[in-house]
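Derivation of every value follows stated rules applied to the coordinates shown; laboratory data play no part. Remember, it's a predicted structure, so these values are computed and weren't measured experimentally. So basically every Cβ, Gly included, is an ideal-geometry build from the backbone, and we count neighbours across all protein chains shown.
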Amino acid sequence: MKVDKFIEKFKFIHKQELEEVFTEGNCYYFAIILKDVYAGEIYYLPIENHFICKIENKFYDITGKIEPQEKAYSWNYYKKKYPMESDRIKRDCINFETR
């Protein structure tokens, strides 16, 4: 199944609510879903503070195919290049330890 079709089926019943959930604090987890289903790679947008998934040289999030307005970094690269910042992101955005 094509990625766009999968995303539309995923949010078939509660589109607005799911887009809100996965764009306001849970984007990492939707990127993980896409990574697992399509063997994609997790990317991070540091200015937007948003996780996306790269699949076949295209980027996706819960809204569908996107064109990042900033440089997208592979999450694996970002963790190595910016360990202190990535630890904060992991703490606050992935593990929700400050909520």
| At a Förster distance of 25 Å, what's the computed FRET efficiency of GLN16 paired with ILE66, Cβ-Cβ distance as r, to 0.05? | 0.90
| query | Between ILE33 and ASP92, what is the spin-label point distance in nm, taking each point 7 Å from the Cα along the Cα→C-beta axis? | reply | 2.5
| said: From Cα pairs below 8 angstrom and at least 6 apart in sequence, can you work out the relative contact order of the chain, rounded to a whole percent? | reply: 23
| said: Given Cβ point charges of +1 (Lys, Arg) and -1 (Asp, Glu) and nothing else, what value in debye, to the nearest 20, does the dipole of the chain about its Cα centre take? | reply: 340
| request: Please list 39-51, 69-81 highest first by mean number of surrounding beta-carbon atoms within 10 Å per residue. | output: 39-51, 69-81
| message | From the helices alone, meaning DSSP H stretches of at least four residues, give me the mean residue ellipticity at 222 nm for the chain, per-run term -39500 (n - 2.57), in deg cm²/dmol to the nearest 500. | response | -12000 deg cm²/dmol
| Across the range 35-45, in residue order, what do the Karplus-derived ³J(HN,Hα) couplings come to in whole Hz, using 6.51 cos²θ - 1.76 cosθ + 1.60 with θ = phi - 60° and x for Gly and Pro? | 4, 5, 6, 10, 6, x, 10, 6, 10, 10, 10
| When each of LYS5/LYS80; LYS35/LYS81; LYS11/LYS79; LYS15/LYS81; LYS11/LYS81; LYS15/LYS80 is checked by Cα-Cα distance, pairs over 32 Å | LYS5/LYS80; LYS15/LYS81; LYS11/LYS81; LYS15/LYS80
| message | Kirkwood hydrodynamic radius, computed over distinct alpha-carbon pairs, for the chain: how many Å, to one decimal? | response | 13.7
